[in-house]
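Novice: I'd like to ask some things about the structure below.
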Amino acid sequence: MFENIIKTLKSNKGEILELWMKNQLASSVITEDLMTNQELRKQSEELVNALVNNLNENSINDSQSPDFDQLTELLGGISISRARQGFSPRETGSFILSLKEALLEILKKENSNVNEVFEESLKLSRLLDNFTILTFETFIKGREELIMRQTDEITDISTPVIKVWDGILALPIIGTLDSARTQVVMENLLQEIVKTGSGIAILDISGVPTVDSLVAQNLLKAVSATRLMGADCIISGIRPEIAQTIVHLGIDLSQVITKATLASALQYAFKSLRLEVRKTALEAAGVTNQ
Amino acid sequence: MERIPILKMGPFLLVTIQIDLYDRLALNLEEDLVKMVEKTASKGVLIDISALSIVDSFMGRILGNIASMSRLLDAQTVVVGMQPAVAITLVELGLPLNGVYTALNMEKGMYLLKSMMDFNGTQQEDGDHSFD
């Protein structure tokens, strides 16, 4: 019985492609700017070929069959590249779902026996639904990879330790300070303290959007660890809103030196290192003051 | 029995811990050190733990104890050269060793103790009294 479908589909390959293309273009979800019609046609053609040519008595019952390896690979590739290009899940899903529609339409046209068509449709639907699931799985995997890579990049670039002066380190923290990042921040800072022999570290939190009790606790941890190493830690860049939140939450920062701006923290650091920043005398340059 | 040497250097006592401490050894050190502070009337104790890679909560407590006991005998304790990993561990254990002075290395620790002595034993960090 299934020989029938296979034969029908094989002989109507061209028509399937046309119908499929028509379906895809008719659906409003397709965004033209991400992919040209020609590219789409090429992709679709490859896919139809891979599907129809590998369809046989065994593989029609089993979407995992080795006959479909080529198809699976193609689908995976398309799905991942679509995920990276920023296609929406609906677009990616309807890509393969509209193929099913095209196939079913062909079946209907070639066979007038309703019962047979129903049986055949069920079979084909099951097969194609499996492929849809596969497409989605790969699509999501592609997106997740993207997110993971971005997360890694963010953690890498967002914790630089800057040596602002001999013996003074600054660490501008950008973004929310969760436990994992605190760990990274702390490790970087402590290692840099050992490496440079710095006595003062300035943690600048102007880039931290909100401070809740967990963030504050993490900050205090960093401060304590620096103190244990034998360096002083100053927290700077506390915005008025953050000062309000800290007090309202009842977080005790009285053990920590806090400054409003990085500049005043730096000034304090200079002071404790007995350094002085001043203007050079104008007289020395030959200019007299009035 | 194994003991950790305590060296007298001017008005200070110097303890360099070169081996990983086990509990008995740490307790001995605590006892010896306090006796030594009393005997030599030292004004400061420097404990170098730069070779220590593992510190547990017990060790953290011993360090805190030594500092508190020495303070009762009018000597300040400075722990120097703590490894980053050790510092993080202590913080995660919830032992920030409040009341213990710390310094990055022996030289800075000595400097810190001296500046504390200059100011007549007032308990100020060296950064707090720099400008007049």
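The values are calculated or read from the model by the stated rules, or taken from the named source; none is laboratory data. Keep in mind the model is a prediction, meaning the values are calculated, not measured. Please note: Cβ atoms are built from the backbone with ideal geometry, for glycine as well, and neighbour counts cover all protein chains shown. Ligands, DNA and RNA are excluded from the accessible area calculation, which covers all protein heavy atoms including side chains. Shrake-Rupley method; radii C 1.70, N 1.55, O 1.52, S 1.80 Å.
Novice: Return the total of residues in segment A:16-37 being modelled with pLDDT of 80 or more and open to solvent by 70 Å² or more (accessible area, probe 1.4 Å).
Specialist: Number of matching residues: 2.
Novice: Quick one: residue A:168 ticks every box in (1) under 28 Å from the mean Cα position of the chain (by Cα); (2) at pLDDT 85 or above bar one, so which box is it?
Specialist: Result: residue A:168 passes all but (1).
Novice: Which residues, taken from segment A:231-260, are surrounded by 14 or more Cβ atoms within 10 Å (Cβ to Cβ) and in a loop (DSSP other than H, G, I, E, B)?
Specialist: A:231, A:237, A:238, A:239, A:251, A:253, A:256, A:259, A:260
Novice: Can you pull out every residue in segment B:112-122 that is more than 10 Å from chain A (Cβ to nearest Cβ) and at pLDDT 85 or above?
Specialist: B:113, B:114, B:115, B:116
Novice: Scanning for something open to solvent by less than 30 Å² (accessible area, probe 1.4 Å), touching an Asp or Glu at 6+ places or on another chain (Cβ under 6 Å) and within 14 Å of another protein chain (Cβ to nearest Cβ), does segment B:44-51 turn up at least one residue?
Specialist: Looking for residues that are open to solvent by less than 30 Å² (accessible area, probe 1.4 Å), touching an Asp or Glu at 6+ places or on another chain (Cβ under 6 Å) and within 14 Å of another protein chain (Cβ to nearest Cβ), one finds none in segment B:44-51, hence no.
Novice: Would you call residue A:218 open to solvent by 10 Å² or more (accessible area, probe 1.4 Å), within 11 Å of chain B (Cβ to nearest Cβ) and outside any strand (DSSP E or B)?
Specialist: The answer is no for residue A:218.
Novice: In this structure, does residue A:112 turn out to be over 22 Å from residue A:63 (Cα atoms) and away from every other protein chain (no Cβ under 14 Å)?
Specialist: When the stated conditions are applied, residue A:112 passes them.
Novice: Which pairs have Cβ atoms under 6 Å, sit 6 or more apart or on different chains, and link a residue in segment A:108-130 that is of a type in the set (A, V, I, L, M, F, W, C) to one that is part of a helix (DSSP H, G or I)?
Specialist: So the pair list comes out as A:117/A:107; A:117/A:108; A:124/A:103; A:128/A:100.
Novice: Can you confirm whether segment B:17-34 contains a residue that is in a strand (DSSP E or B), at pLDDT 90 or above and of a type in the set (Val, Ile, Thr)?
Specialist: The answer is no, given that none of the residues of segment B:17-34 is in a strand (DSSP E or B), at pLDDT 90 or above and of a type in the set (Val, Ile, Thr).
Novice: Any residue in segment A:262-279 that is surrounded by 15 or more Cβ atoms within 10 Å (Cβ to Cβ) and either among the β-branched types (Val, Ile, Thr) or more than 14 Å from chain B (Cβ to nearest Cβ) (or both)?
Specialist: yes
Novice: If I filter segment A:229-237 for residues that are out of contact with any strand residue (DSSP E or B) (no Cβ under 7 Å at 6 or more places or on another chain) and under 25 Å from residue B:107 (Cα atoms), do I get at least one hit?
Specialist: no
Novice: Name every residue in segment B:63-108 that is under 16 Å from residue B:42 (Cα atoms), in a helix (DSSP H, G or I) and β-branched (Val, Ile, Thr), in order of residue number.
Specialist: B:66
Novice: Quick one: is residue A:195 out of contact with any Ser or Thr (no Cβ under 7 Å at 6 or more places or on another chain) and away from every other protein chain (no Cβ under 11 Å)?
Specialist: no
Novice: Which of the residues that make up segment A:149-183 are within 12 Å of another protein chain (Cβ to nearest Cβ) and loosely packed, with under 15 Cβ neighbours inside 10 Å?
Specialist: Result: A:179, single match.
Novice: Exactly one of these conditions fails for residue B:41: (1) over 30 Å from residue A:192 (Cβ atoms); (2) surrounded by 14 or more Cβ atoms within 10 Å (Cβ to Cβ). Give me its number.
Specialist: Tallying (1) over 30 Å from residue A:192 (Cβ atoms); (2) surrounded by 14 or more Cβ atoms within 10 Å (Cβ to Cβ), residue B:41 fails exactly one: (2).
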